[in-house]
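Below is one structure, written out as structure tokens; comments come after it.
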Amino acid sequence: MNHKIVWRKNRNFLCYSARLHYLCTMLQRDYFIRILQEFMAAVQRFLEKKEEEGKRDVALRDLYRQYIGSYDDLRNLTVEEAIAYAHDVWEADRRMGKLEMLAGLWHAEGVYKADPLRTMLLEKAFQLYDYVDTHSGEYSLTRKERMRQIKEMAQAK
């Protein structure tokens, strides 16, 4: 009889632990979604500011540092290297979100830089957006719109 009570307590504890784990996972996901929204707003503000290029470069480095990592490590990676970096460094549940952030930063920098750097950054951004679009399992109107904008900029040359 006593053995059954112990088993029942352990079973309830396991159920409680599973619920707690689920709740923690959901809270972490909600927190990361808020970070993504904050990031998108920060990039939008960055694009709307009309500053000289030197100040924009400093602000862009700050966005890298705040949201995804070192500017020096990430800015000059190829798309393939960025994906490999993501698999090596970032947690699986945040990987696609951070790759999309990286694409957003490449896109933002490509908007204000001159050719040929502009073309290179926009191509990398488009390829990374495309990778995230095909591998994330999440549909994003914002991502689709940015991909459309990049195509238009490439065609306008």
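Name the residues in the stretch 128-139 that are in contact (Cβ under 8 Å) with a residue 40 or more places away in the chain and either of a type in the set (Val, Ile, Thr) or surrounded by 14 or more Cβ atoms within 10 Å (Cβ to Cβ) (or both), would you? Break it down into steps so the answer makes sense when it comes.
The initial filter retains those residues of the stretch 128-139 that are in contact (Cβ under 8 Å) with a residue 40 or more places away in the chain, namely 128, 131, 136, 138.
Of everything in the stretch 128-139, those that are in contact (Cβ under 8 Å) with a residue 40 or more places away in the chain and either of a type in the set (Val, Ile, Thr) or surrounded by 14 or more Cβ atoms within 10 Å (Cβ to Cβ) (or both) turn out to be Leu128, Tyr131, Ser136.
From the list Ala108, Ala125, the lone residue that is crowded, with 18+ Cβ neighbours inside 10 Å and in contact with a His (Cβ under 7 Å, 6 or more places away or on another chain) is Ala125.
When Leu117 is tested against the conditions (1) touching a Phe, Trp or Tyr at 6+ places or on another chain (Cβ under 6 Å); (2) without any contact (Cβ under 8 Å) to a residue 12 or more places away in the chain, the lone failure is (1). For the condition in contact (Cβ under 8 Å) with a residue 40 or more places away in the chain, closer than 20 Å to Met40 by Cα and buried (at least 16 other Cβ atoms within 10 Å of the Cβ), Leu60 qualifies. The single condition from (1) part of a loop (DSSP other than H, G, I, E, B); (2) in contact with an Asp or Glu (Cβ under 9 Å, 6 or more places away or on another chain) that Glu138 fails is (2).
Here Glu80 does not qualify as at pLDDT 90 or above and in contact with a helix residue (DSSP H, G or I) (Cβ under 8 Å, 6 or more places away or on another chain).
Val79 - would you say it is touching a residue at least 12 places away in the same chain (Cβ under 8 Å) and touching a Gly at 6+ places or on another chain (Cβ under 9 Å)? No; evaluated as a whole, the condition is false for this residue. One residue alone among Glu138, Glu81 is under 24 Å from Glu152 (Cα atoms) and more than 12 Å from the chain's Cα centre (by Cα), and that residue is Glu138. Counting just the residues of the stretch 86-101 that are assigned to a helix (DSSP H, G or I) and farther than 14 Å from Ile35 by Cα, which one comes out modelled with the lowest pLDDT? The qualifying residue modelled with the lowest pLDDT is Ala92.
Yes/no matrix, rows are residues, columns are (1) modelled with pLDDT under 90; (2) more than 22 Å from Gln37 (Cα to Cα); (3) among the hydroxyl-bearing types (Ser, Thr, Tyr):
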residue: Ala84; (1), (2), (3): no, yes, no
residue: Ala103; (1), (2), (3): no, no, no
residue: Ala114; (1), (2), (3): yes, yes, no
residue: Leu128; (1), (2), (3): no, no, no
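The values are calculated or read from the model by the stated rules, or taken from the named source; none is laboratory data. Worth saying up front: this structure is predicted, and the values here are computed from it rather than measured. Note: ideal-geometry Cβ built from the backbone for every residue, glycine included; neighbour counts use all protein chains shown.
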